[in-house]
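Please read the structure below before turning to the comments.
A short reminder: the numbers here are calculations on the coordinates, not readings from a lab. Just so it is clear, the structure is predicted and the values come from calculations on it, not from any experiment. Cβ sites come from the backbone with ideal geometry, for glycine too, and all protein chains shown count toward neighbours.
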Amino acid sequence: MSANPGSGERPTPSVLKALCHGRTLFTLLMFAIFAFMVWIASTYTWPANFLPFVIGIPGIVLTLLQVVLDVRDFRKTEGIVDPRTEFERYMDDVTKNTGGKVQMELKEGTQLQTLVEDTTDMTKSRNKREMILFGYFFLLVILVLLFGFWIGYPIFMALFLHYYAKESWRLTAQLTIGSWVAMYIVLVIVLEQILFEGHITKFVIDNWLSD
Amino acid sequence: MSLDLIFGTLAQLLTSPAAMWMMILGTMIGIFFGAVPGLGGRLAIAVTIPFVFGKEMIPGAVFLLSMHAVTGTAGQISSIMFGVPGTGDDAATIVDGYPMAQKGEAGIALGASLTASGIGGILGAVVLAALIPVIEPIVLKFSPAEFFFLALLGITFVAFVSGAAIFKGIVVGFYGMMLAFVGMDPQTGIARYSEDFLFLWDGLDLITAVLALFAVPEMIHLGVKGGAISAFSKDFADTGVRAQWKGVVETFRHMWLVFRSSMIGAFIGILPGLGGSAAAWICYGHAVQSCKPPQNFGRGDVRGVIAPESATNSKEGGSLLPTLFFGVPGSSGMAILLGAFLILGIQPGPMMLTQHLDLVWILIWALVISNIAAVVVLLFITRWVAMLTFLRGGIMIPFVLVVVVFGVLLAKGQWENLIMLSILSIIGYGLLKYDWPRPPFAIGIVLGTIAEESLHKAWALWRWDFFTRPLSIVLMGMIVATIAYAIYRGFIDNKKQEAR
């Protein structure tokens with residue numbers, strides 16, 4: 001790590017650290033997607049490969065450029081925390097958009113509920129919540145793939161409502177059963193929709209329950 | 001354009017039980033999605049597209065447009081009563097709406113904003129109708145070459161104005177286009193990016209892609225952010241019909257402001273990418289500049305509610321113009337709507353004027369009627385709709401995720417699309433988390449196929465000469481100028497930041 005003369009005591013993060021940051025890694029993922037798609041396109045004959053090249057090659061160049069910008073921005077801004085709260089940022093927006101002519105007047109002690117969340121030291125818990133929520137989402141997909149929509153979805157719903165949303169078992173059961181019955185009546189009985197039955201359910205029906 | 005067509009389509013809409021039912025349903029669902037903070041019109045369309053899949057063109061289109069048109073009208077309720085914007089478009093309404101509620105004038109603010117919003121929506125539709133004869137000769141001059149460049153210009157424009165770095169915006173648009181190339185190439189019959197996966201041979205399912213990029217990330221984000229609103233009193237005094245009626249009268253007292261703001265909003269809507277938030281702030285700024293005394297703004301001036309609300313809703317009419325006639329959506333919501341129109345068999349472009357003008361008029365009437373219906377309904381049920389603001393994210397998330405999964409299965413009946421949904425959702429969330437604008441994606445994936453078709457047609461007609469056609473040169477010049485200006489602006493912003 002080298003010291004940045006322009007930034008006082010704040011040491012400038014290394015390029016490697018900047019490259020390993022989530023933001024840069026995501027840009028690299030976008031670069032990889034474009035590179036892979038252009039490489040695949042190179043195996044096609046003209047004109048099937050024409051537009052994938054016309055769009056994909058600039059995509060590669062722009063993502064690489066973005067990587068450079070991400071690294072530069074990370075090294076410039078890492079560790080610098082915007083001292084303004086969300087509310088102050090909102091008020092700055094108001095000032096900017098009205099040329100400084102408007103001062104919003106609120107009752108003393110009032111805060112704008114969704115505009116006061118301070119996200120500065122929540123990164124770890126945010127990451128954890130992201131993982132948990134994606135876990136639940138993938139669980140839903142897996143349950144539907146294995147057991148079908150009508151079995152998978154109530155299991156997911158009950159687990160999510162009780163364990164993630166911390167609802168009581170009573171409310172969880174009411175919401176799960178109520179929504180299941182309502183959806184079943186509307187979709188299966190009224191609209192006659194047939195949905196994917198799930199691999200395991202299909203296997204069980206085909207092998208054990210059918211004549 | 002004959003009066004027969006104009007009023008015949010109105011009669012057709014009013015006498016079609018299917019279309020009317022879909023419009024009422026769309027309006028109600030739109031009110032719900034608008035009223036719950038964190039949902040909004042874009043998500044409403046994304047989640048409901050699968051339900052119109054395979055439906056008739058007119059009822060399906062009327063349903064989606066009505067729903068999209070009224071989300072803004074319902075979104076302002078939480079902004080005014082609790083200072084919680086339903087969507088970004090409502091942020092300007094808070095500045096005066098919330099102080100009014102704190103002074104016990106919530107009913108007046110709500111009545112004024114609902115009426116302004118409704119009138120704005122109607123005036124936006126009028127602007128769209130009035131511009132049809134103006135736009136007709138221009139649209140008919142466009143050839144496949146220009147439609148190809150228009151697709152690229154649309155992505156560049158939306159990327160430019162979506163706030164984040166322009167490179168990110170263009171990359172996301174290009175990413176959408178690349179995904180549009182998945183499937184059998186119509187020219188050569190090569191299965192691009194699909195290998196032996198038969199479910200991809202018809203192309204990547206648009207519904208799956210849109211849900212993955214817009215619906216799932218929004219729900220994960222809502223869950224991460226929390227967002228339960230519970231610290232407010234649920235005593236909705238001052239919001240009765242009588243109090244709101246005073247607001248209705250106030251709006252008519254400031255009709256000239258409503259008209260000006262609606263016109264500004266409608267023209268902002270025509271420019272691809274500027275969006276409702278810009279329309280609201282520009283019109284709020286306009287009200288501050290033009291109304292006397294300006295010191296009252298920010299302290300609960302009803303004009304500060306009327307101006308942004310007229311603008312955000314009138315924008316919808318304006319943004320239908322580039323969407324329907326040029327295939328360039330004016331906003332991300334319109335991009336998803338355009339995707340839904342394509343699914344319903346509505347092809348944007350000159351054919352909308354030559355063959356489907358009746359459909360255009362039906363959509364205009366749907367905008368007008370759904371706006372009136374939303375205002376009338378909301379004036380009576382505001383306090384109950386306001387309760388939706390307290391709906392906990394923890395309860396909303398699993399329901400929306402289930403509807404998403406259901407939608408993916410319903411659209412094409414292929415379970416493989418659930419795996420695509422999971423993969424694309426990770427990328428969608430990455431885009432949201434790291435501030436990559438997602439609207440260009442919707443435009444890219446929707447326009448990718450149209451752009452490729454146009455390119456092949458243009459190539460067959462003119463070979464390399466299609467680059468030298470006058471309109472092509474103009475459009476290429478606009479693309480280059482937009483990118484150059486964005487880079488210049490970024491450079492200047494950087495200099496300013498360093499100086500600070």
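Inter-part distance, segment B:320-348 to segment B:431-462, computed on C-alpha centroids, equals 13 Å.
For the protein assembly as shown, a simple Cβ point-charge model (Lys and Arg +1, Asp and Glu -1, everything else neutral) yields a dipole of about 1460 debye relative to the Cα centre. Counting only alpha carbon atoms, the long axis of helix B:241-253 and the longest principal axis of chain B meet at about 70°. The long axis of helix B:255-270 is offset from the longest Cα principal axis of chain B by roughly 20 degrees. Only the Cβ atoms of Lys and Arg (+1) and of Asp and Glu (-1) were treated as charged; on that basis the dipole of segment B:349-500 about its Cα centre amounts to roughly 460 debye.
Taking Cα atoms only, the orientation of helix B:332-343 departs from the longest principal axis of chain B by about 50 degrees. Stretching the chain fully between B:ASP358 and B:VAL134 yields a gain of 78.9 nm (0.36 nm per residue, less the alpha carbon separation). Using R₀ = 35 Å, calculate the FRET efficiency as 1/(1 + (r/R₀)^6) where r is the Cβ-Cβ separation of A:SER125 and A:VAL204; round to 0.05. Efficiency, rounded to the nearest 0.05: 0.30. Compute the label zone of B:VAL249 within segment B:91-114: residues whose backbone N is under 14 Å from the point 7 Å along Cα-to-Cβ. Flagged as within label range: B:108-109, B:111-112. Using the rule -39500 (n - 2.57) for each DSSP H run of four or more residues, divided by the residues of chain B, the 222 nm mean residue ellipticity is -25000 deg cm²/dmol. For segment B:126-149 and segment B:372-400, what is the separation of their C-alpha centers, rounded to whole Å? The distance from the Cα centre of segment B:126-149 to that of segment B:372-400 comes to 38 Å. Working from label points 7 Å from Cα in the Cα-to-Cβ sense, the B:GLN187 to B:PHE259 distance is 5.3 nm.
Here the label points at A:LEU64 and A:PHE36, each 7 Å from Cα along the C-beta direction, are separated by 2.0 nm in the simple model. Distance between the pseudo-spin-label points of A:TRP180 and A:TRP46 (7 Å out from Cα toward the beta carbon): 6.0 nm.
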